[in-house]
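Contents: one structure, followed by commentary.
We did not get these values from a lab; they are worked out from the coordinates using the rules stated. No experiment lies behind these values; they were computed from the predicted model shown. Methodologically, a virtual Cβ is constructed for each residue, glycine included, from the backbone with ideal geometry; neighbour enumeration extends over all protein chains shown.
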Amino acid sequence: MASEVMLMNEIESTAARLGIDLDNFDYSSVKLPPGEYCGIVSDDEDVYHDDQLEFDSGFGNIIVVDNLPVVPREKFEKLEGVIRKIYSQIGVIKEDGLWMPVDPETKKTLGYCFIEYNTPQEAELAKEKTNGYKLDRAHIFAVSMFDDFDKYMRVPDEWAPPEIKPYTPGENLQKWLTDEKARDQFVIRAGTDTEVLWNDARQSKTELVYKRAYWTESFVQWSPLGTYLATVHRQGAAVWGGANTFNRLMRYAHPQVKLIDFSPGEKYLVTYSSHEPSNPRDANRVVINIFDVRTGKVMRDFKGSADEFAIGGTGGVAGVSWPVFRWGGGKEDKYFAKLGKNMISVYETETFSLIDKKSLKVENVVDFSWSPTDPIIALFVPELGGGNQPARVSLVQIPSKEELRQKNLFSVSDCKMYWQSNGDYLAVKADRYTKTKKSTYTGFELFRIKERDIPIEVLELDNKNDKIIAFAWEPKGHRFAVIHGDNPRPDVSFYSMRTAHNTGRVSKLTTLKGKQANALFWSPGGRFIVLAGLKGFNGQLEFFNVDELETMATAEHFMATDIEWDPTGRYVATSVTSVHEMENGFNVWSFNGKLLYRILKDHFFQFLWRPRPPSFLTPEKEEEIARNLKKYSKKYEAEDQDVSMLLSEQDREKRRMLKEEWDKWVSEWRRAHEEEKLERQKLRDGEASDEEEEYEAKEVEVEEVLDVSEEVLSYHEE
Amino acid sequence: MRPILMKGHERPLTFLKYNRDGDLLFSCAKDHTPTVWFADNGERLGTYRGHNGAVWSCDVSRDSTRLITGSADQTAKLWNVQTGTQLFTFNFDSPARSVDFAIGDKLAVITTDPFMELTSAIHVKRITRDATEQTGESVLVIKGPQGRINRAIWGPLNSTIISAGEDAVIRIWDSETGKLLREADKESGHKKPITSLAKSADGSHFLTGSLDKSAKLWDVRTLTLIKTYVTERPVNAVALSPLLDHVVLGGGQDASAVTTTDHRAGKFEAKFYDKILQEEIGGVKGHFGPINALAFNPDGKSFSSGGEDGYVRLHHFDPDYFNIKI
């Protein structure tokens, strides 16, 4: 969106300079000369080649209403009035936009009419709302888009068997994982350009993979395993991928799509759009489609008013908290669930219908979350009846809907649930009222999901009045970090779910006092964490090793807004996006806080590392590699050294070249300057002064007397 | 060395100029009164009173006897440097922006802004040795570029005039006929208005600063691009060291947006770059508003910067500066 705004600004300033009044300017009157695009690249030029009809006709705002009564001339106006009344409720009909043809012989209407709206959206809405409208028993409206007519006309009368296309093997969509240098990719969006780049950390630079202007209309998003890059357009979403470049693999038609979400195993894509209602008092209309990513088929769609999708949680677009459907059950994409009023609707993807054909009834449920690995839902019900009915957190197994564990919580004002990435632990942060109910304090309920009977432990901070600023589990690990205390210098504490004797008790590892941090970013591999001070702290970064409990480096990326670890935990990218006017761009750091390179880009919107699918190695094997790391690393260290030697050699060479070039230029100029010497002298009335102009650095000692004072000193003789 | 803060202007600085000997520093500001300072210790010597609008630029003759100033009051004035008296006033129908004496000080180029229906123009005036014989007649008037011309200077042997301004194009004109000789390449040239232009000490190349966050070094004869210096903020002022291969860029975010952000975000530093390698060497902090003017002392051992904050900061380099190796 921001890019459009910027463009608009530029247009406005240009218009102001040219003296054009934009308010009274008819944009549609602008016509490019035929065959000339004035350098304006279509956002999706293939579309125009593939589907000439759909986009070239430009009749998207016209609908055809069939099955109207056939009336003689006398009743023509009356019928027209009725139709106009029905259809102007939905949107504004263009002037002369209603046309009902008449049979020239009988002077009777032909039983259909054309209606032209101002926008295709209105037309689409009208089609949806009035198709099947019963004017009376004999006349049920059949409404279709004018654009679709050609399509219907071209349906052949006789059925022909579909052609069986020969099998062509697809590209290896995961080829990027086989990079020889084991580099990672990322996508950036700046200005109108979207670029996919390699992070070539060894040479402290990036290498371009693919670049495209106007690739997306609002944002891009990687699928969770990194196979696809999704783009968002007016007509719908698209996914891109390929072995060496990015080709469009599939399109998902969903007009005016606003948000998208992949299932964790990237089998399904959920798209969302909301449309302004015709009556401003109504809530927005929401359309959600679930597509199969590979076939592009709509598996299920949901339509309704925004209110139905806006239960529990705020934020997102127009009160709908995104994602509406939360995916659970690990990487198999088996279940997805939606929060409803007094219920959680859990669907399964085999049939795309509710499990047992009914939702999970939970009175007053306000929040739920899936375990990242198992089909377990954790849900939260707040306190009711002024404390008579305590708040509760419970764990529900899917699909059996059996309650695994429940915990009642007293005087709770709010609750947040945090799952550890392996689904081993669940931390519930509960804000409780003090006895006077005037203030709140925070405690944690820690669930050990994988242990028998799911034991729960209560953890309170040393100073339980501390405000919790951030909480984060170590990925795949047993530790978590908490930022607590008051701004401007809160404390950061680390806890472990294990103690030295492995008794299954939580223990504190350390507390770092007075840190300028308000966000936590664990390395995906665990062990390392970046304590970041975003927003008010202007981008303070501290790279911390939790194994050794020591700070590896402190740094600053001034005004940084976003931080993301690469999927391997080797590098960290910090970026300043266009929320700030200045300093836009990104930095790439090593895991231990060494700045590798810095790239500035105006109007910088997005930085996203391409995710990697999980490793096929067993945890035991991984551990073995970690133990014998020295053996493996030798080879890479040697390579690193070679590269750095080569680089410094190249650097020296480049500098030498630049110097030589400059010297050559200067000497050439000197010659010309010398030739003109006499003429210059003449211009100055014979004052020979060229030599004087060459200043030399000479050392001149200047002594200045600052102050002179006389003092009488007594002289003693010993 | 600690910089010397020179507070004498009440409004943002617009231009700074050393005389040839490097002992005097002339400063122009939006407060109508150009001021002259001792370039060594920053002591104020005097002011030139008479303008009735912001003063945009000035130039001093080679023998340091005469000063020319261009002002928003639609005049350019000649002054006696020593006494501060007005010698002559050139009247225009629109604000005068840039002034520059030719080699030999017998000609001056003055640019005027677009105003009402008038387009911007470059005027060449003959400067007489005896001020009583001075007339306001133009030898040559060049019109053509769109928008304001922010700077116009003389090329080698006074045979050309180099202009740059809001339309982001650098042009070289024949100073005899007024014919357009060269135009900077659109591809390699600036993308946004050019704010400043400074000639090297030997006049072989010049540096332009632009709001597109870059400065570019050009060959004065062929108008070929030699170097580009990329920075993080709009460039308002540029200067070239006469002694070492260094260039200085000053600027900062737009004054209207300054109050909304942290002072560090504004980037009000004067940034030093290696002229040949195009790499940043260092920065000099201090101003709390964008830098509008920069000038090097002709001996290359000190420089001064003038800011939107109304201060002139005079910096004498430490000995370390002369031994920078990169």
Point to revise | R0 of 25 Å, Cβ-Cβ distance residue B:143-residue B:106: FRET efficiency to nearest 0.05 | key: 0.60
Exercise for review: Work out the count of Lys pairs in the stretch A:216-361 where the Cα-Cα distance is under 12 Å, with the pair 8 or more places apart or on different chains.
Suggested key: 4
Exercise for review: Report the extension gain between residue A:14 and residue A:651 in nm, rounded to one decimal, defined as 0.36 nm multiplied by the number of residues separating them, less their alpha carbon distance.
Suggested key: 225.1 nm
Review point. Among A:511, A:117, A:397, whose Cα lies farthest out toward the positive end of the dipole of chain A, if unit charges sit on the beta carbon of Lys, Arg (+1) and Asp, Glu (-1)?
Key: A:397
**Study point:** Förster radius 35 Å - calculated FRET efficiency between residue B:188 and residue B:157 (Cβ-Cβ, nearest 0.05)
**Key:** 0.85
Practice item. Take chain B, connect every pair of alpha-carbon atoms lying under 10 Å apart with a spring to form a Gaussian network, then pick out the residue of B:50, B:144, B:203 with the largest mean-square fluctuation. Key: B:144
Review point. Using 1/(1 + (r/R0)^6) with R0 = 56 angstrom and r between the beta carbons of residue A:538 and residue A:134, what's the FRET efficiency to the nearest 0.05?
Key: 0.30
**Study point:** Stokes-Einstein translational diffusion, the stretch A:216-361 - Kirkwood Rh over all Cα pairs, 0.692 mPa s, 37 °C, in µm²/s
**Key:** 207
Study note, to complete from the structure: Ranked from fewest to most other Cβ atoms within 10 Å of their own Cβ, A:435, A:358 fall in the order A:435, A:358
**Study point:** Separation of the residue A:552 and residue B:202 label points, Cα + 7 Å toward Cβ, nm
**Key:** 5.0
Practice item. Could you pull out every one of the lysines with an alpha carbon less than 22 Å from that of residue A:85, ignoring same-chain neighbours closer than 8 positions? Key: A:75, A:94, A:108, A:127, A:129, A:134
Check your understanding: For the protein assembly as shown, what is the mean residue ellipticity at 222 nm derived from helices alone (per DSSP H run of n ≥ 4: -39500 (n - 2.57); sum divided by total residues; nearest 500 deg cm²/dmol)?
Key -> -4000 deg cm²/dmol
Point to revise | Cα gyration tensor shape for the stretch B:26-83, rounded if a/c is under 1.5, else prolate or oblate | key: oblate
**Study point:** Pairwise label distance in nanometres, residue A:75 with residue A:181, each label 7 Å out on the Cα-Cβ vector
**Key:** 7.9
Review point. Can you list the equivalent-ellipsoid semi-axes of the protein assembly as shown, largest first and in whole Å, using the square root of 5 times each Cα gyration tensor eigenvalue?
Key: 64, 44, 28
Revision key, fill the gap. Exposure proxy check on B:246, A:603: fewest-to-most Cβ neighbours within 10 Å is A:603, B:246
Check your understanding: Taking neighbour counts of Cβ atoms within 10 Å as a proxy for exposure, in what order, fewest first, do A:598, B:151, A:281 appear?
Key -> A:281, A:598, B:151
Review point. Rg and Dmax of the stretch A:365-516 over Cα atoms: what are they, in angstrom?
Key: 15.7, 48
Check your understanding: Which one of A:433, A:229, A:599 has its Cα pushed farthest toward the positive end of the charge dipole of chain A, where Lys and Arg give +1 and Asp and Glu give -1 at the Cβ?
Key -> A:433
Point to revise | Kirkwood Rh and Cα Rg combined as Rg/Rh, the stretch A:59-153 | key: 0.95
Review point. Across bins of 20 angstrom width beginning at 0, how are the C-alpha pair distances of the stretch B:4-323 distributed, in whole percent?
Key: 35, 61, 4
Study note, to complete from the structure: The simple spin-label model distance between residue B:133 and residue A:322, using points 7 Å out along Cα→Cβ, in nm, is 7.8
Revision key, fill the gap. In chain A, helical segments from DSSP H whose Cα atoms cover 20 Å or more along their own axis and that average at least -1.0 on the Kyte-Doolittle scale are A:2-18
**Study point:** Residue-span extension gain [residue A:341 to residue A:307] - 0.36 nm each, minus C-alpha spacing
**Key:** 11.2 nm
Review point. So what's the gap between the Cα centers of the stretch A:462-484 and the stretch B:283-326, to the nearest angstrom?
Key: 48
